[in-house]
1. By how many nm would the segment from residue 533 to residue 465 grow when fully extended, if each residue of separation counts as 0.36 nm and the alpha-carbon distance is taken off?
2. Could you calculate the FRET efficiency of residue 300 with residue 322 from 1/(1 + (r/R0)^6), where r is the beta carbon distance between them and R0 is 22 Å, rounded to 0.05?
3. Suppose R0 equals 41 Å. What FRET efficiency, 1/(1 + (r/R0)^6) with r the Cβ-Cβ distance, do residue 5 and residue 331 give to the nearest 0.05?
4. Please give the per residue accessible area of the chain, computed with a probe of 1.4 Å over protein heavy atoms only, in Å².
5. Considering the convex hull of the alpha carbon atoms of the stretch 305-462, report its projected area averaged over all viewing directions, in nm², one decimal.
6. Give me the accessible area of residue 310, 1.4 Å probe, in Å² rounded to the nearest 10.
7. Run the simple label-point estimate for residue 192 and residue 473 please: 7 Å along Cα→C-beta, distance reported in nm.
8. Average projected area of the Cα convex hull of the stretch 201-306, in nm²?
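The values are calculated or read from the model by the stated rules, or taken from the named source; none is laboratory data. Please read all numbers here as calculations on a predicted model, not as lab measurements. Please note: Cβ atoms are built from the backbone with ideal geometry, for glycine as well, and neighbour counts cover all protein chains shown. These accessible areas exclude ligands, DNA and RNA; they are computed on the full protein's heavy atoms, side chains included. Shrake-Rupley method; radii C 1.70, N 1.55, O 1.52, S 1.80 Å.
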Amino acid sequence: EHPHAVNVAKYAPSGFYIASGDASGKIRIWDTTQKEHLLKYEYQPFAGKIKDIAWTEDSKRIAIVGEGREKFGAVFLWDTGSSVGEITGHYKIITSVDIKQTRPYRLVTGSDDYTSAFFEGPPFKFKMTISDHSRFVNCVRFNPDGSRFVTAAADGQIFLYDGKTGEKITSLGGEKAHDGGIYAVSWNKDGSQLISASGDKTVKLWDVGSNTAVTTFSLGSEVNDQQLGCLWQNDHLLSVSLSGYINYLDKNNPDRPLRTIKGHSKSIQCLTVHKTDGRSCIYSGSHDGHINIWDAETGDNDEFMGKGHSNLVSKMAVDESENLVTSSMDDTVRFTDLAKKEYSGSDMVKMDVQPKCVAVGSGGYALVVCIDQLVLLKDKKKVFTLDSLGYEPEAGALHPGGKIAAVGSAEGKVYLYSTEGSTLKEEKVVEAKGPVTDMAYSNNGAFLAVSDTKKVITIYTVADDYAVKNEFYGHHAKVVCLAWSPDNEHFASGGMDTMVFVWDVNDADKRVKIPDAHRLHHVSGMCWLNEHTLVTTAHDACIKQWTVEL
């Protein structure tokens with residue numbers, strides 16, 4: 001419920017609260033024990049990005065640092081917000097802060113001005129500047145008993161200090177701890193070892209007493225394999241890659257994580273579902289071209305091998321031969337074999353102009369709606385292109401029985417084309433209520449649903465020469481996506497108003513409403529797993545499954 005991107009969240013040592021900070025400088029302290037996660041307090045210590053948070057061990061004081069206009073940090077009481085010291089001594093953004101978890105309290109900060117600062121308190125007062133690093137200081141952390149703290153920086157060095165006096169003891173690994181910048185460190189429970197995450201794509205496990213790296217975990221060779229964060233939680237060693245993937249590290253096999261949690265780090269634009277060997281999978285495509293495969297029952301996820309789309313995935317569908325057909329802003333349409341789970345360089349069709357969406361039908365046909373152009377594909381090849389349409393196409397659908405393609409326009413009309421002979425021949429034009437945003441034929445081909453920017457969904461009866469069967473009102477903002485239930489009697493719609501409705505084709509007044517389906521984010525895609533399970537996604541990069549009682 002932050003209005004801006006959240007950069008940091010920290011448990012209070014008591015475990016009862018979490019403090020989270022966002023890019024606007026808001027800090028929210030909320031309850032962890034209740035399902036609702038009720039907000040306890042909200043503060044704004046400065047206007048600017050919050051980069052790090054630290055609690056004192058009694059869970060009563062909080063230090064936050066970041067990028068304020070006139071100050072870069074603050075320390076205050078968690079329940080009143082009143083100040084308990086000043087964080088001074090830096091002239092650039094402070095990226096990291098930590099508080100000694102034993103009395104007497106000490107506080108340490110790390111900044112982009114290449115220095116760390118050491119404070120005594122409470123109230124916290126500046127004691128000294130530590131200038132051992134030659135680049136940005138990215139992370140400072142006390143060990144659990146407070147006897148030592150380390151600072152890690154972009155110069156690839158980690159320095160160890162006395163927790164009480166701030167005196168330098170040694171530098172880990174001698175000259176350099178890593179070949180790249182170090183972004184994070186995390187101590188184990190007894191403070192004898194720590195792990196460090198680096199831009200050199202490794203995580204190292206250090207024995208502090210002997211000052212040696214016991215294990216080096218190599219996590220790849222790509223830019224996205226740089227390690228930005230790490231956590232030593234009980235027996236678990238975790239790291240976060242630049243790709244957003246979370247790796248569970250294995251001490252016994254350092255080059256292969258025990259498991260990797262994958263997902264989207266950008267907003268999701270579209271999704272579809274498909275059953276393979278009795279198991280339902282959800283496929284989702286995001287803003288950066290990444291496509292994820294989710295097991296609908298367990299939530300386990302994976303990705304396709306190889307190089308895929310390089311830009312936003314606008315629409316996806318699964319065709320008869322079990323290919324995932326995707327259109328993207330990189331001006332391509334790809335056919336990816338779901339059994340192989342691998343992108344293929346040959347099954348990619350280059351478009352002349354940017355595709356907005358793709359629809360699949362029977363007989364190997366696919367319809368690609370591009371900017372001012374329609375392209376008909378058959379068996380992964382272009383067979384017909386229609387230019388100079390005289391209207392701006394926005395969405396398309398192919399009739400399940402073949403033969404008919406429907407295209408919705410920004411002018412509020414639906415154009416129906418015959419696809420016989422692998423061409424597109426205009427047959428009929430039907431009026432919609434407003435500029436068309438999405439359209440879909442029911443699975444049995446009896447109805448065509450069309451949504452528009454005027455918040456209306458119109459259902460046309462195909463057999464009755466596309467006469468209007470019903471109009472559905474309820475959304476407070478434009479409707480963005482549609483999906484037909486397998487029973488052909490119900491369909492769902494999602495809108496800019498963050499709402500999802502499930503409608504009954506025969507009765508416009510009968511509906512199931514899901515308000516705030518994706519809080520603060522508009523619904524961008526939806527699909528049915530079965531007659532009672534709807535899957536939705538939105539620009540919050542989340543996928544949700546809903547059980548719908550009709």
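1. Roughly 21.3 nm would be gained on extension.
2. Rounded to the nearest 0.05, the efficiency is 0.65.
3. So the FRET efficiency works out to roughly 0.90.
4. 43
5. So the Cα hull casts an average projection of 8.7 nm².
6. 80
7. It is 7.3 nm.
8. 8.4
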